[in-house]
Amino acid sequence: MYAILDIETTGGKYNEEGITDIAIYQFNGHEITDQFISLINPERPIQEFVTKLTGINNKMLRNAPKFYEVAKRIVEITTDCIIVGHNAAFDYRILQTEFRRLGYDFVRTTLCTVELSERLIPNKESYSLGKLVRSLGIPVSDRHRASGDALATLKLFKYLLEKDTKKDIITTSVKQDIRLEMASRHLKILDTLPETLGIFYMHNEEGKVIYIGKHKNIKQQVNRLFTSPSKRDRYLQRHTYRVTYQETGNELIATLKRLEEIHLNLPKCNRRNPEKEINITYALTSHFNTKGYLCFSIELLSTQNEIITTFETKEQAEHFLNQITEEYHLNEVDFNNETVEEYNTRASEVLSKYGLVHRNVAIVDKGRVIGEKSIILVVDGNIQGYAFFNLNFQLTQLEMLQNLITPLPNSLINRHLLHAYLRRKPKVKVLNLSEQKPYHNE
């Protein structure tokens with residue numbers, strides 16, 4: 001038995017959407033055996049672009065039932081059914097979110113007519129519902145309303161059942177119990193995860209780490225992996241039995257720790273050398289010309305000159321060189337009123353702001369909770385590690401900081417990521433430990 005589902009929502013932030021329109025057609029593979037169609041009062045405003053797309057506005061929903069008033073009917077009509085939808089992961093996620101708000105775990109097996117269509121009728125120009133059904137001569141009305149789209153999906157599904165000569169769809173139905181167990185397991189895992197920034201570790205049944213990821217919202221990203229149709233993510237869905245996590249408070253620590261821990265753990269579903277995704281090719285270097293002026297130039301990474309910062313593309317490097325040239329007036333020399341020493345004093349501010357060579361600094365950033373800060377310690381230009389501390393902790397002694405930190409590798413890739421982060425986040429505080437004078441990198 002199948003439940004053909006379509007949902008329209010308010011739009012808005014991920015997992016904060018509400019249902020505005022729902023249609024479910026119970027289908028036994030031959031005919032419709034039951035149906036439920038209703039507008040829903042989402043108890044939150046509809047995004048303007050959604051109103052333009054669907055024609056549903058806030059006034060229309062004022063007297064519509066709230067979700068909790070129809071939840072029992074939805075459970076009844078979908079019991080012992082496989083939910084079928086066009087992009088089923090979206091509709092199923094929205095339905096699960098609404099039930100979770102009521103304290104109920106809604107678990108069903110799903111089939112996606114997008115994925116089925118790609119397999120059974122390949123080489124179509126588009127697999128969007130409207131274009132696909134039109135190309136197949138399937139009549140459709142009330143587009144972008146739940147009842148119209150659900151009926152179109154039902155007709156498409158009947159067509160796919162006919163095309164499915166190998167009976168893969170029926171075989172999937174037989175495997176329903178296995179997929180239900182997996183979906184239930186995923187829900188229990190998601191309930192343990194925070195919606196905060198950090199690193200997460202996906203473990204198999206034996207406890208071995210099979211994937212390490214990072215995201216600004218751990219729960220959201222794991223949920224995406226659990227609903228993704230990609231080959232790797234389907235493997236993770238089958239084999240993940242537990243997800244642990246470590247909150248980091250800021251993106252840079254998460255990035256550096258994830259790279260290190262992939263090297264240490266070699267998870268099956270991560271690239272063995274994830275740093276190969278980052279191709280560091282160019283560097284900003286400094287030198288003194290024949291007249292004694294401090295000059296900056298872009299060179300290949302293999303240069304023998306002292307490297308200030310690194311880049312992945314020539315365009316990035318040239319853009320940055322133009323930026324500092326304008327910011328510090330590096331092409332403007334007043335030969336009557338400015339000495340070489342005065343010019344070089346101005347130009348050397350580039351080294352203070354963007355270079356870490358031979359410097360002892362602490363990069364101070366967000367912590368994991370309110371009242372906490374993080375630091376990344378750099379000694380003599382080399383990354384030492386990271387630490388977290390409370391706001392009342394005084395950063396006054398390099399030796400004290402060295403006792404606090406958890407080590408991080410001082411690799412080229414890590415230095416590059418650190419420099420790129422500072423360029424991208426110009427207001428991150430950099431504490432100069434040599435002079436004990438904090439300044440903003442701005």
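For residue 220 and residue 141, calculate 0.36 nm times their separation in residues minus their Cα-Cα distance, and state this gained length in nm to one decimal.
So the extension gain works out to 25.0 nm.
Could you work out the relative contact order of region 73-136, using alpha carbon pairs under 8 angstrom and six or more residues apart, expressed as a whole percent?
Relative contact order comes out at 32 percent.
At 0.36 nm per residue, minus the direct Cα-Cα distance, what do residue 128 and residue 410 gain on full extension? Give it in nm, one decimal, please. Walk me through the intermediate numbers first.
On the way: separation 282, 0.36 × 282 = 101.52 nm, distance 4.78 nm.
Between residue 128 and residue 410, full extension yields 96.7 nm more.
When the Karplus curve 6.51 cos²θ - 1.76 cosθ + 1.60 is applied with θ = phi - 60°, which whole-Hz ³J(HN,Hα) does each residue of region 100-107 get, with x for Gly and Pro?
In residue order, the calculated couplings are 5, 5, 8, x, 10, 8, 9, 10 Hz.
Report, in debye and to the nearest 20, how large the dipole of the chain comes out about its Cα centre when Lys and Arg carry +1 and Asp and Glu carry -1 on their Cβ.
1380
Under a Cβ-only charge scheme (Lys and Arg +1, Asp and Glu -1), can you give me the dipole magnitude of region 282-354 about the Cα centre, in debye to the nearest 20?
Result for region 282-354 is approximately 200 debye, rounded to the nearest 20.
Report, to the nearest 10°, how far helix 67-78 tilts away from the longest principal axis of the Cα atoms in the chain, using its own Cα long axis and a range of 0 to 90°.
Value to nearest ten degrees: 60.
Using 7 Å Cα-to-Cβ label points, what is the residue 279/residue 398 separation (nm, one decimal)?
3.8
Residue by residue through region 237-254, what is 3J(HN,Hα) from phi via Karplus (6.51 cos²θ - 1.76 cosθ + 1.60, θ = phi - 60°)? Round to whole Hz and write x for glycine and proline.
Each residue's phi maps through the Karplus curve to give 4, 6, 10, 8, 10, 7, 10, 10, 8, 9, 6, 10, x, 9, 5, 5, 4, 4 Hz.
Taking the Cβ-Cβ separation of residue 43 and residue 208 as r and a Förster radius of 51 Å, what is the calculated FRET efficiency to the nearest 0.05?
My answer for the efficiency is 0.70.
Among rounded, prolate and oblate, which fits region 193-274 when a ≥ b ≥ c are the square roots of the eigenvalues of its C-alpha gyration tensor, a/c under 1.5 means rounded, and a/b larger than b/c means prolate?
oblate
Which FRET efficiency value, to the nearest 0.05, is calculated for residue 102 and residue 80 with the Förster distance at 22 angstrom and r the Cβ-Cβ distance? Show your work: numbers first, answer last.
Numbers: r = 21 Å, r/R0 = 0.95.
For R0 = 22 Å, the calculated efficiency reads 0.60.
Hey, any idea what % of the chain's accessible area is carbon plus sulfur with a 1.4 Å probe?
Here it works out to 48 percent.
Tabulate in residue order the Karplus-calculated ³J(HN,Hα) for region 402-409, using 6.51 cos²θ - 1.76 cosθ + 1.60 with θ = phi - 60°, rounded to whole Hz; enter x for Gly and Pro.
Ordered by residue, 3J(HN,Hα) equals 5, 6, 7, 6, 9, x, 10, x Hz.
To the nearest 20 debye, what charge dipole does region 2-172 have about its Cα centre, counting +1 at the Cβ of each Lys and Arg and -1 at the Cβ of each Asp and Glu?
On the way: 23 positive and 23 negative charges, 54 e Å.
So the magnitude is around 260 debye.
For the chain, with the dipole built from +1 on Lys and Arg beta-carbon atoms and -1 on Asp and Glu ones, taken about the Cα centre, which of 138, 102, 281 lies farthest toward the positive end?
Projecting each Cα onto the dipole axis, the largest value belongs to 138.
May I ask which of 13/427; 13/124; 216/366; 52/158; 208/268; 216/373 have a Cα-Cα span longer than 20 Å here?
Pairs exceeding 20 Å: 13/427; 13/124; 52/158.
Keeping every protein chain present and rolling a 1.4 Å probe, give me the accessible area per residue for the chain in Å². Mind showing how you got there, number by number?
Numbers: 22940 Å² over 442 residues.
Heavy-atom SASA per residue in the chain reads 52 Å².
What relative contact order, as a whole-number percentage, does the chain give when Cα pairs under 8 Å and 6 or more residues apart are counted? List each step's numbers first, then the result.
Details: 742 pairs, mean separation 39.2, N = 442.
Relative CO of the chain lands at 9 percent.
The values are calculated or read from the model by the stated rules, or taken from the named source; none is laboratory data. Keep in mind the model is a prediction, meaning the values are calculated, not measured. With ideal geometry, Cβ positions are generated from the backbone for all residues, glycine too; neighbour counts draw on all protein chains shown. Keep in mind that these areas ignore ligands, DNA and RNA; they rest on the heavy atoms of the full protein, side chains included. Shrake-Rupley method; radii C 1.70, N 1.55, O 1.52, S 1.80 Å.
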